Amino acid sequence: MSVRPLGVLFVCYANIVRSPLAAAVFAEMARARGLAERFHVDSAGVAADAGNPPHRGSVAVAAAHGLALRGTSRPLRREDLYDFDHVLVADRRVAGEIQRLTAGSAFGPISSRPPAKIRLLATLAEPNARGDAQDVQDPLFKGPEGFEAVFAQISRACAALLAELSPEPR
């Protein structure tokens, strides 16, 4: 009997900066622990245009840490919120858009399946975070240092997520 991989979706605004970086970090952490087959990892954006490559700043910081960003952007689909088990959101603005997508309809339930567990990514590493500390800030206009800070924040959060989803045996 085969077990369906656990679906983990990272979501940011345009799916070119934070979410592809988070997906690559999480996938590499899972691979390094021999757990790659346990997860289906992807990324999307609430306002993404399909087919854009990852931002050069994200590509550069990933490469500096031995990761390659592959793929192109894609928009978040309402179905993603039911097809994936965990949805990790870059910031509260994006979370607001996702909340709109999961709102009920006068025509009945959106899906017969339960929705994914939707959380702010940064709060995995900092559960008591408040205000801006709940967000993985967009590093777009902060230069290489901004991308490095975001990489570090994403890495801490992904490590916490992997520990939660696949605790190491004692």
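The values are calculated or read from the model by the stated rules, or taken from the named source; none is laboratory data. All values reported here derive from a predicted model rather than from experimental measurement. Counting neighbours? That spans all protein chains shown, and the Cβs are built from the backbone with ideal geometry, glycine included. What goes into the accessible areas is simple: the full protein's heavy atoms, side chains included, and nothing from ligands, DNA or RNA. Shrake-Rupley method; radii C 1.70, N 1.55, O 1.52, S 1.80 Å.
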Worksheet item: From the residues in segment 152-167 that are under 13 Å from the mean Cα position of the chain (by Cα) and in contact (Cβ under 8 Å) with a residue 60 or more places away in the chain, which one is most open to solvent (accessible area, probe 1.4 Å)?
Response: 159
Item to complete: Could you check how many residues of segment 77-94 are in a loop (DSSP other than H, G, I, E, B) and either open to solvent by less than 20 Å² (accessible area, probe 1.4 Å) or touching a Phe, Trp or Tyr at 6+ places or on another chain (Cβ under 7 Å) (or both)?
Response: 2
Discussion item. Cβ-Cβ distance below 6 Å, separation of 6 or more or different chains: which pairs start in segment 124-145 with a residue that is touching a residue at least 24 places away in the same chain (Cβ under 8 Å) and end on one that is of a type in the set (A, V, I, L, M, F, W, C) and outside any helix (DSSP H, G or I)?
Written reply: 134/120; 136/90; 136/121
Worksheet item: What number goes with the only condition from (1) farther than 18 Å from residue 45 by Cβ; (2) at pLDDT 85 or above that residue 154 does not pass?
Response: (1)
Discussion item. List pairs: first residue in segment 46-69 and farther than 20 Å from residue 88 by Cβ and open to solvent by 70 Å² or more (accessible area, probe 1.4 Å), second residue of a type in the set (D, E, K, R) and assigned to a loop (DSSP other than H, G, I, E, B) anywhere in the structure, Cβ distance under 8 angstrom, at least six positions apart or on different chains.
Written reply: 50/74
Practice prompt. Please state which of the following conditions residue 25 fails to meet, knowing it meets all the rest: (1) more than 25 Å from residue 167 (Cα to Cα); (2) open to solvent by less than 10 Å² (accessible area, probe 1.4 Å).
Written response: (1)
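Any idea how many residues of segment 35-68 are over 12 Å from residue 147 (Cβ atoms) and assigned to a loop (DSSP other than H, G, I, E, B)? Don't jump to the end; show me each part of the working.
Filtering segment 35-68 down to residues over 12 Å from residue 147 (Cβ atoms) leaves 35-53, 66-68.
Then drop every residue that is not assigned to a loop (DSSP other than H, G, I, E, B), which leaves 35, 46-53, 66-68.
Matching residues across segment 35-68 total 12.
Can you tell me which residues in segment 140-151 are open to solvent by 40 Å² or more (accessible area, probe 1.4 Å), assigned to a helix (DSSP H, G or I) and of a type in the set (A, V, I, L, M)? Full working, then the answer.
Taking segment 140-151 first, the residues open to solvent by 40 Å² or more (accessible area, probe 1.4 Å) are 140-142, 144-145, 148-149.
Then keep just the ones that are assigned to a helix (DSSP H, G or I); that gives 144-145, 148-149.
Listed by number, the list holds a single entry, 149.
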Worksheet item: Quick check: is even one residue across segment 43-56 at pLDDT below 95 and among the β-branched types (Val, Ile, Thr)?
Response: no
Item to complete: With respect to residue 97, determine if the residue is open to solvent by 30 Å² or more (accessible area, probe 1.4 Å), part of a helix (DSSP H, G or I) and at pLDDT below 95.
Response: yes
